[in-house]
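What follows is a single structure, and I will ask about it in a moment.
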Amino acid sequence: MSSAEPLLTLERAALGFGSRMLWEDLDVEVRRGELIAVLGANGSGKSSLLKVVLGQLRLRSGSARVLGTPVRRGDRRIGYIPQQRLADDGLPLRGRDLVALGVDGHRWGVPLPSRRRRQRVSQLLSSVGAEAYESVPVASLSGGEQQRLRIAQALAAEPRLLLCDEPLLSLDLPHQRLVCDLVDDARRRLDLAVLFVTHDINPILDKVDRVLYIANNRCRIGTPDEVMTSEVLSDLFDAPVDVIRHRGRILVAGVPDDQLYHHPEQVPL
Amino acid sequence: MTGLDTLWSEIFNFSDYAQLLPLLKNSVIACVVLGVMGGLIGVFVMTRDMAFAVHGVSELSFAGAAAGLLFGVSVVAGALVGSLAAALLIGVLGSRARDRNSVTAVLMPFGLGLGILCLGLYHGRAANKFGLLTGQIVAIDDPQIKSLISIAAVVIVGLLVVWRPLLFASTDADVAAARGVPVGVMSLVFMTLLGLAVAVSVQIVGALLVLSLLVTPAAAALRISASPFRVPLLSTLFALVAAVGGVLLAAGSSLPISPYITTISFIIYVTCRAVGPSRGRARAQSST
């Protein structure tokens, strides 16, 4: 296995439900150490792309492979960070327990006390600066604090590829920055490939290697400078779209109304 | 005054207690097993938000037991068929909480009605009728207790085998699925174990009071701890105290066992709520 082998390869991939096509002709190779932001309108199939990589959704055509083998469920080489907050009540988990589930939660039986698991969990907690939440009930933590634990949980199985499904949703700005920094740090430290689904590229813009933009069943992939331009997005959306760069931020204006739902960074003109 | 005294001695009567105790052996054993089973499965009933579903399953279990009584088949078998059918139906049709609540709400009165119909047609001992709804442990005989204990043992062993993936799937389904835990299978396994647990509990505390052993102890434990190790231990302890304490207190009187169990269970819950930290306090304490 050469080191240049891409971690994730999608070839002529197409996904749809029933008669509705989400995207097609998706060709992408994700290399180790690379962070790709996945952007696109709501319902364009960004999260479904992650489900394909997790082996939970089947492609309509084309192929998806992780390090050369077809995607499958429960692949330990993949870490996953969801957007949802955990339930508020009746959750018998403290910070360390949530991370421990990432270590061996899939195994049968009752967890017996183990020094090795304890050390591993402590190490994971300190890698994201979450030592303080070790014994705190997860339900009493804020969304940002839970997301910190989520990152440690996702790193528990020593993944090669990290999938982040809108991990910034409903976080305030400082916490958005914090989560981006932690994901970036993990990627550099562990040489991870990262797919980062988000509706707003700005919090993670300075860390992104490439952008995968999905709209109107089609995709564009390239560096932010290549994809986030008025020409490319106008072509993708099939409508006049303006991309404005302002003090290091990217604002997208003019996205058709029917694609605009729930996109705070896209300002209609 | 004398009226109150009579009432009191009807509720608590410990004369001839020494002679009574040996007769209670079966009931105490049944309650120990029931306590462990209820305490453990209750943790998952709470984390999966299924308290209402438990009540629905127990009404169908009651219908099954009543049908068993009417047709002269075994009451235990009837209760098993009823609760397994209800548990699997709720499990399959109600994967989302909203669906589950409406499916449960539809099944519950239907089960209760069916059970009342069967009891109405039944012309045997009247105590049997009332017992299915409110508990009849003292009437339990040897072969019956053996079958109840073996079913409860299956539930306990089953829970221990699937403990970790079930906890993962119950608290954090998306990540569990991403890690390869078969979340759908876990749900069916859990509903099957729940069906078995309800069928056993209906025999002992009665269909209307199953929640006091399958939900209240775990809910109480969750008020005072968030540790996945301490919660099941406390929950089991609470269920044991309620079940065994109920048998011992009820022994002297002629009343059914269930009010004793439900009252102890309730007092434990109220105490836990009172002494348990409020959420904000818990956080401030542990993070310093």
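Roughly what angle does helix A:143-155 make with the longest principal axis of chain A, taking Cα atoms, 0 to 90 degrees, to the nearest 10?
Roughly 80 degrees between the two axes.
So which lysines pass the test for B:K25, namely a Cα distance under 19 Å, with those fewer than 8 places away in the same chain ruled out?
Correct list for B:K25: B:K146.
For the protein assembly as shown, report the accessible area per residue in Å² (1.4 Å probe, heavy atoms, rounded to an integer).
Averaged over the residues of the protein assembly as shown, the accessible area is 44 Å².
What does the structure give for B:48-55 when I average, per residue, the other chain Cβ atoms found within 10 Å of the residue Cβ?
Rounded to a whole number, the mean comes out at 1.
While we're on this one: Need one word for segment B:18-278: rounded, prolate or oblate. Basis is the Cα gyration tensor (sqrt eigenvalues a ≥ b ≥ c); a/c below 1.5 gives rounded, then a/b vs b/c decides.
The shape class here is oblate.
Only helices at least 24 Å long along their own axis, judged from Cα atoms, and with Kyte-Doolittle mean hydropathy of 1.6 or greater: name those in chain B from DSSP H.
Counting only whole DSSP H runs, the qualifying helices are B:25-47, B:75-93, B:183-205, B:230-250.
Dipole of chain A, Cα-centred, from +1 at each Lys and Arg C-beta and -1 at each Asp and Glu C-beta, to the nearest 20 debye?
Taking the Cα centre of chain A as origin, the dipole is about 1380 debye.
Cβ neighbours within 10 Å, averaged per peptide: list B:54-61, A:120-127 in order, most packed at the top.
Peptide ranking by packing, descending: B:54-61, A:120-127.
Which whole-number percentage describes the relative contact order of segment B:18-278, with Cα contacts under 8 Å and a sequence gap of 6 or more?
The normalised contact order for segment B:18-278 reaches 32 percent.
Please compute the alpha carbon radius of gyration of segment A:123-269, then divide it by the globular-protein estimate 2.2 N^0.38 Å. Two decimals is fine.
Relative to the rule-of-thumb radius for its length, segment A:123-269 sits at 1.16.
For segment B:18-278, which whole percent of the accessible surface, found with a 1.4 angstrom probe, sits on carbon and sulfur atoms?
Summing carbon and sulfur atoms, their accessible area is 73 percent of the total for segment B:18-278.
Which of rounded, prolate, oblate describes the protein assembly as shown, given a ≥ b ≥ c as roots of the alpha-carbon gyration tensor eigenvalues and a/c under 1.5 marking rounded, otherwise prolate only if a/b is larger than b/c?
Prolate.
Taking a virtual spin label 7 Å from the Cα of B:S95 along the C-beta vector, which residues in segment B:188-207 bring their backbone nitrogen under 18 Å of it?
Residues B:188-192 qualify, since their backbone N sits under 18 Å from the label point.
Just to confirm the number: angle between the C-alpha axis of helix A:115-127 and the first principal axis of chain A, 0 to 90 degrees, nearest 10?
40 degrees
Ok, one more. Which aspartates and glutamates does A:K51 reach when only Cα atoms under 18 Å apart count, and residues fewer than 8 places away in its own chain are ignored?
Within the straight-line cut-off, A:K51 pairs with A:E11, A:E24, A:D25, A:D27, A:E29, A:D75, A:D165, A:E166, B:D172, B:D174.
A further question on this structure: Is there a quick way to get the dipole size of segment B:18-278? I mean about its Cα centre, with the Cβ of Lys and Arg at +1 and of Asp and Glu at -1; what is the value in debye to the nearest 20?
Approximately 240 debye in magnitude.
Between 0 and 90 degrees, rounded to the nearest ten: what's the tilt of helix A:95-104 against the longest Cα principal axis of chain A?
80 degrees
Another one. Could the peptides A:239-249, B:212-222, A:134-144 be put in order, highest first, of the mean number of other beta-carbon atoms found within 10 Å of their residues?
B:212-222, A:134-144, A:239-249
Next question, about the same structure. Explain nothing, just the number: relative contact order of chain A, from Cα pairs under 8 Å at least 6 residues apart, as a whole percent.
It comes to 23 percent, rounded to a whole number.
Here is a follow-up. Please compute, for peptide A:97-110, the average count of beta-carbon atoms on other protein chains lying within 10 Å of each residue's beta-carbon.
6
The values are calculated or read from the model by the stated rules, or taken from the named source; none is laboratory data. All of these numbers come straight from a predicted model, not from anything done at the bench. Reconstructed Cβ throughout: ideal geometry from the backbone, glycine too, with neighbour counts over all protein chains shown. Remember, those area values only see protein heavy atoms, side chains included, never the ligands or the DNA or RNA. Shrake-Rupley method; radii C 1.70, N 1.55, O 1.52, S 1.80 Å.
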